[in-house]
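Data first, discussion second: the structure below is written as structure tokens.
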Amino acid sequence: MPEVVITCDWTMMSNHHGKEFLGFGTTTPAYVFPERVYQKLFFPEMEVDASGFPREAPYGMRKIEASLLDGGFDARIVHPSHLDRYMPGEAKVLLVSGHDYFGLNPPSSTFGGVMHKQPLNCVNFKRMLRQPHVLKARKAGMKLIAGGPCAWQLSPATRQKLPFVREFVESIGGVDSVVEGESDQFVRSIVRKALNDEFLPPHVVLTAKEAPKVEEISSIHYPSVNGLIEIGRGCCRGCSFCSVTTRPTRWYPLEKIEEELKVNRKAGTVKGLLHSDDVYFYGSPNIMPREEKLLPLLRLAKRYYDQVGWSHVAIASLMTKPKLLGQCGEILLDEKQSWWGVEVGVETGSPRMITAAMPGKVAPFKASQWPELVVQAAGLMNDNHVYPACTFIVGLPQETEDDVIKTIELIDNLWDFKAILVPMFFVPLGHLKNNDWFSRDRMSPVQQELFKRALSHGLRQSKPLLRDFFDWESAHPGAYRAVFRGFISFLEVVAKMNGLWSPPRGAISGLESPLRHPERIPTPTIPMRE
């Protein structure tokens with residue numbers, strides 16, 4: 001029986017029907033329909049074994065679990081519905097993780113702010129820690145340590161600033177320690193202190209200097225949700241609003257990646273995601289993709305997975321070597337895979353905002369080339385059967401009305417782009433962490449139009465994407481398509497009834513977007529080789 005229990009809420013402890021993108025549905029509030037409907041759609045219950053250990057678990061938690069196991073600790077991830085088996089009683093330390101504890105991160109802050117309701121991930125996090133057996137264990141002396149990408153939301157500073165966070169923490173008997181940053185190695189020392197009933201620092205921020213080296217990062221022992229495998233950490237582009245840019249770039253060797261691929265495949269996983277902040281850069285020491293590194297990685301992944309997706313890719317990366325994407329497709333696409341998905345940060349259509357907030361995002365091109373780069377990359381992706389989720393930030397500091405108008409114009413040019421466009425309110429992270437949150441009540445009329453335009457695009461493109469999204473490996477692809485088509489139609493009706501439907505002028509009559517004209521591919525500002 002583990003004395004160190006690791007868990008998260010129900011919205012994360014799910015494989016989302018084997019579709020990682022459906023996890024975004026947990027960042028919305030339950031609207032009109034009861035919560036159980038959203039659970040069926042977006043976060044069905046994860047299978048567990050006789051001990052309450054989940055069949056799959058979020059990858060970041062698997063890394064912490066692996067580090068503790070490698071360090072000789074009696075630790076395991078436990079499903080939140082089965083915590084009562086270990087507390088009060090055997091569990092002496094509870095480690096919790098999450099994507100968004102209080103709905104303060106994007107996109108939860110956007111959807112929750114627009115609807116004035118707590119998003120599902122926030123509701124379920126609170127419910128998880130307020131279970132009677134958890135509260136009893138806390139009163140009996142069990143230590144509670146919080147981490148994960150939203151750990152900052154439980155920090156003393158956040159509690160002081162946001163009364164509702166402070167009130168929740170007080171209601172569960174406090175939090176013994178909050179750890180921000182890459183804690184692969186640090187987790188062993190703080191758990192050891194907790195087990196020995198030693199003093200625990202209330203708040204720890206691990207800096208880039210303390211980031212573990214590749215050889216110090218444990219390989220997972222048990223399967224990750226949807227076969228997600230990390231291939232590297234860090235990003236060198238330096239966007240001011242992103243916390244990832246504060247971490248050094250490190251790439252895992254193929255041998256380390258294969259260790260984890262084997263773990264998932266042995267458990268029966270036949271599809272998975274390669275995760276880094278830009279998969280196209282795998283193995284590169286700078287912003288130049290290296291096909292001699294990337295292509296062997298993809299061949300390795302296809303040896304273990306029938307379907308392979310990417311977590312993230314950058315627009316500028318794709319356009320430095322556009323033909324390389326076709327080579328990737330030649331490896332990935334076959335009789336068992338007809339497309340692949342990825343998340344892309346577009347963020348803005350304004351060259352001025354690129355210069356002000358994210359100058360490295362466009363390198364090695366010029367900021368003035370950004371709108372055309374995005375359009376060209378959109379065509380390039382669709383030509384190669386890549387269907388992304390593209391994020392846009394509303395309310396960046398220094399943003400002017402002209403900047404927003406340029407973003408709307410860019411969305412109009414992407415009207416026929418097969419993708420989901422996701423507008424998100426600015427959240428103070430990274431180098432901009434001392435700024436204020438952007439909220440619905442601060443939206444100008446032109447920002448409201450940007451939000452409507454992106455929403456309209458997403459609803460329009462969602463239906464035709466369903467056929468590819470629920471494909472051969474789904475148990476009942478036709479049924480899933482029908483259910484989600486009905487849900488999207490419902491959202492479309494709600495959007496139109498509430499004045500949120502806003503297609504670009506001329507779109508109804510069949511205006512086509514200027515996607516990808518090879519003769520107009522922007523020229524980079526440094527010499528390139530194809």
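Here are a few things to note about the model shown:
- Of the residues making up region 159-174, not one is hydroxyl-bearing (Ser, Thr, Tyr) and either modelled with pLDDT under 95 or not assigned by TED's automatic domain parsing to the domain that holds MET142 (or both).
- The set of residues in region 32-73 that are more than 23 Å from PRO149 (Cα to Cα) and surrounded by fewer than 15 Cβ atoms within 10 Å (Cβ to Cβ) comprises VAL32, PHE33, PRO34, GLU35, ARG36, VAL37, LYS40, GLU47, ASP49, ALA50, SER51, GLY72.
- Matching option when the condition is in a helix (DSSP H, G or I), surrounded by 24 or more Cβ atoms within 10 Å (Cβ to Cβ) and within 22 Å of the chain's Cα centre (by Cα), among LEU274, LEU318, LEU298: LEU318
- Residues of region 202-225 that turn out to be in a strand (DSSP E or B), free of Cβ contacts under 8 Å to residues at least 40 places away in the same chain and hydroxyl-bearing (Ser, Thr, Tyr), as a count: 0
- Criterion (under 21 Å from the mean Cα position of the chain (by Cα) and in a helix (DSSP H, G or I)) met by exactly one of PHE125, PHE168: PHE125
- Any chance GLN39 is farther than 24 Å from LYS266 by Cβ, within 20 Å of the chain's Cα centre (by Cα) and not in a helix (DSSP H, G or I): no
- Among the residues of region 32-52, those identified as in contact with a helix residue (DSSP H, G or I) (Cβ under 7 Å, 6 or more places away or on another chain) and hydrophobic (A, V, I, L, M, F, W, C) are LEU41, PHE42, PHE43, VAL48.
- The set of residues in region 56-79 being assigned to a loop (DSSP other than H, G, I, E, B) and within 19 Å of MET128 (Cβ to Cβ) consists of GLU56, PRO58, VAL78, HIS79.
- Only one of GLY341, GLY360 that is surrounded by 20 or more Cβ atoms within 10 Å (Cβ to Cβ) and small (Gly, Ala, Ser): GLY341
- Within region 175-201, being in a loop (DSSP other than H, G, I, E, B) and within 15 Å of LEU94 (Cα to Cα) holds for VAL175, ASP176, ASN196, ASP197, LEU200.
- Residue satisfying all of: in region 81-90; touching a strand residue (DSSP E or B) at 6+ places or on another chain (Cβ under 9 Å) and surrounded by fewer than 24 Cβ atoms within 10 Å (Cβ to Cβ); farthest from CYS390 (Cα to Cα) among these: GLU90
The values are calculated or read from the model by the stated rules, or taken from the named source; none is laboratory data. Bear in mind that the values here come from a model prediction, so they are computed numbers and not experimental data. Note that we place each Cβ from the backbone using ideal geometry, even for glycine, and neighbour counts take in every protein chain shown.
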